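Notes for the one structure printed next.
Any read-out appearing in this document is the output of simple, stated calculations on the displayed coordinates, not a laboratory observation. Every value quoted in this text rests on a predicted model; they were computed, and no experiment measured them. FYI the Cβ positions are ideal-geometry reconstructions off the backbone, even for glycines, and counts take in every protein chain you see.
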Amino acid sequence: MKLLDDSLRHLGIATYAIAMRHPILALPIEQREAYYASVQIPERRQLYRNLVEQGLEALEVAGALQGLKALQQEAERSLVTDFLLGDYSLADAALTPFLARMELLGLLLPEAEGPRLHQWWKRVQNRPSFEIAVTAAAPENADQIRQLAAAAQEQIASRYAR
C-alpha cells in the first residue's frame with residue numbers, strides 16, 4: 001500500500017502535465033496568476049505552476065513517470081496467480097483506479113514489458129463491477145484526456161525512457 005500512496009502523487013503529476021494543464025494554460029495570464037495565487041501551500045503552488053507552464057518538461061514529471069513505471073513493474077512481479085493475492089482482493093481493487101487512469105493517459109507499460117499485468121487488467125475489466133465502479137465513473141472529459149494523451153505519446157515515451 002505504501003507504493004500506492006507514493007504513486008498517487010505521481011499519478012496526479014502525470015495527469016496535470018498531460019491533460020489538466022490545458023484549460024488553465026488557455027486562461028488569460030491574469031486569471032492564470034489568480035489560479036496560482038489561490039493555492040495556499042507554496043510548494044504545491046510552485047508545482048502547479050511548473051506543471052501548467054512546462055507540461056511534460058517540468059522537472060517533477062520524469063520522477064513521476066518513473067514512479068508509475070515502477071508501480072507497474074512491481075505489480076508485474078507480484079502477479080504469479082490470476083490476481084495479486086491469489087483470489088480477487090482489496091489489493092486488486094486498490095490498484096484498479098491507478099491502472100484505469102494510467103490507461104487513460106497512455107502510460108501503461110507495453111504488453112511485452114508487462115504481460116501478466118496486461119492479462120490481469122483484462123480480467124479486472126471483465127469483472128461485472130468494473131462497468132459500475134470504473135467505466136461509469138470515468139471523468140466527463142475522458143475522450144478529451146485520451147486525445148491529449150495520444151498527442152503527447154512521443155514526448156511521454158521519451159520521458160519514460162530516461
Of residues in segment 120-133 being in contact (Cβ under 8 Å) with a residue 24 or more places away in the chain and over 22 Å from GLU74 (Cα atoms), the one farthest from the chain's Cα centre (by Cα): ARG127
Residue, nearest to ARG127 (Cα to Cα), within segment 94-114, restricted to residues that are hydrophobic (A, V, I, L, M, F, W, C) and surrounded by fewer than 15 Cβ atoms within 10 Å (Cβ to Cβ): ALA94
Where LEU148 falls short, out of the listed (1) farther than 19 Å from ALA91 by Cα; (2) free of Cβ contacts under 8 Å to residues at least 60 places away in the same chain; (3) surrounded by 11 or more Cβ atoms within 10 Å (Cβ to Cβ); (4) of a type outside the set (D, E, K, R): (2)
Failed condition for ASP143, given (1) surrounded by fewer than 12 Cβ atoms within 10 Å (Cβ to Cβ); (2) over 16 Å from HIS22 (Cβ atoms): (2)
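Residues are listed down the side, and each one gets a yes or a no for (1) under 23 Å from GLN125 (Cα atoms); (2) within 20 Å of the chain's Cα centre (by Cα); (3) not charged (D, E, K, R):
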position: LEU4; (1), (2), (3): yes, yes, yes
position: ILE41; (1), (2), (3): no, no, yes
position: ARG44; (1), (2), (3): no, yes, no
position: ALA58; (1), (2), (3): no, yes, yes
position: GLN73; (1), (2), (3): yes, yes, yes
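Being out of contact with any strand residue (DSSP E or B) (no Cβ under 9 Å at 6 or more places or on another chain) and at positive phi is true for just one of GLY67, GLY55. Which residue is that?
GLY55
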Checking SER78 against (1) within 26 Å of ALA138 (Cα to Cα); (2) out of contact with any strand residue (DSSP E or B) (no Cβ under 6 Å at 6 or more places or on another chain); (3) crowded, with 16+ Cβ neighbours inside 10 Å, the condition it does not meet: (1)
Residue ranges of helices (runs of 4 or more DSSP H) in segment 28-125 with at least 2 members of a type in the set (Lys, Arg): 42-54, 59-78, 115-125
